[in-house]
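The values are calculated or read from the model by the stated rules, or taken from the named source; none is laboratory data. Predicted model only: the values in this text are computed from it and were never measured. Here the Cβ positions follow ideal geometry from the backbone for every residue, glycine too, while neighbour counts run over all protein chains shown. The area values use the complete protein model at the heavy-atom level, side chains included, leaving out ligands, DNA and RNA. Shrake-Rupley method; radii C 1.70, N 1.55, O 1.52, S 1.80 Å.
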Amino acid sequence: MAVYSFNDGEIAPERIIPISLQKLVESRRTKLGGRGAFGAAQADSMMAVPFPAAIAVTGEAGAEKLLVADNLSDDALLMDAATGKVETRFDLSESDTVPGTYPIALAVSKDGSRGFVALWNASEVVELDLLKGTVGRKLALLKPSDPVASGTHPCDLAISPDGRTLYVALANRDAVAAVDVAGAGESGKFALKGYFDTRLPGQSYLDRKST
């Protein structure tokens, strides 16, 4: 990740924060370790390739943390912004094959206690406890029951100014999910409110979750 300084209206390159290969846990493996001789695919590797797809800044000025969606490693990283040290790795994989969930976008709650990550290939958004360093609840968003069917591809997140609603863009369904995230920490809410339909005029614009 590239860091730039901004002083007196001037932007200048400052430094690079490298992200090392990520060691996978248990039986998980990746085939993205490159190619061997004559272009032959290499054997499964325990070291996943880093690919920072999104970054959010949290923490107080002078002690900022970076939450990074690490797309090809199926994880999210909480890093010290000053040193680049990885303080917490959140494992977001759901199978032994990595990448599989493809974390692609994220957001942080107003109080900095919770993070939310869009899992592109899992049709889900997942909650992170940034204080305890743990993966919390997952919420499926129009996720198909057929594992080989096309997913909804959540691709972008935004939190409302009052911090109570998380909006999730679903690229493959022309819809936006509204998720109730009111509250803080483990006691905070994490439930679907409904979907906004963004298709052509003439279609319904809000499809409430059936009860």
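At-a-glance table
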item	result
P(r) histogram, all alpha-carbon pairs of segment 1-110 included - 5 Å bins from 0, percent	2, 12, 19, 20, 16, 13, 8, 5, 3, 1, 0
Backbone N under 16 Å from the Met46 label point (7 Å along Cα→Cβ), restricted to segment 6-28	21-28
Net charge of neighbours whose Cβ lies under 13 Å from the Cβ of Leu78, counting Lys and Arg as +1 and Asp and Glu as -1	-2
Listed peptides 84-92, 131-139, 105-113 by packing density, highest first (mean Cβ within 10 Å)	105-113, 84-92, 131-139
Estimated FRET transfer efficiency (Phe6, Arg199; beta-carbon r; R0 41 Å; 0.05)	0.55
Cross-link table Lys31/Lys143; Lys31/Lys189; Lys85/Lys193; Lys23/Lys189; Lys31/Lys110, entries beyond 30 Å C-alpha to C-alpha	Lys31/Lys189; Lys85/Lys193; Lys23/Lys189; Lys31/Lys110
Distance in nm between pseudo-label sites at Ala184 and Thr134 (7 Å out along the Cβ direction from Cα)	1.9
Accessible area of Thr30 in the full protein assembly, 1.4 Å probe (Å², nearest 10)	0
Label point 7 Å beyond Cα of Asp111 along Cβ direction - residues of segment 157-195 with amide nitrogen under 11 Å	182-189
Given charges at beta-carbon only (K, R positive; D, E negative), |dipole| of segment 82-146 in Debye	240
Apportionment of accessible area to carbon and sulfur, the chain, percent (1.4 Å)	54
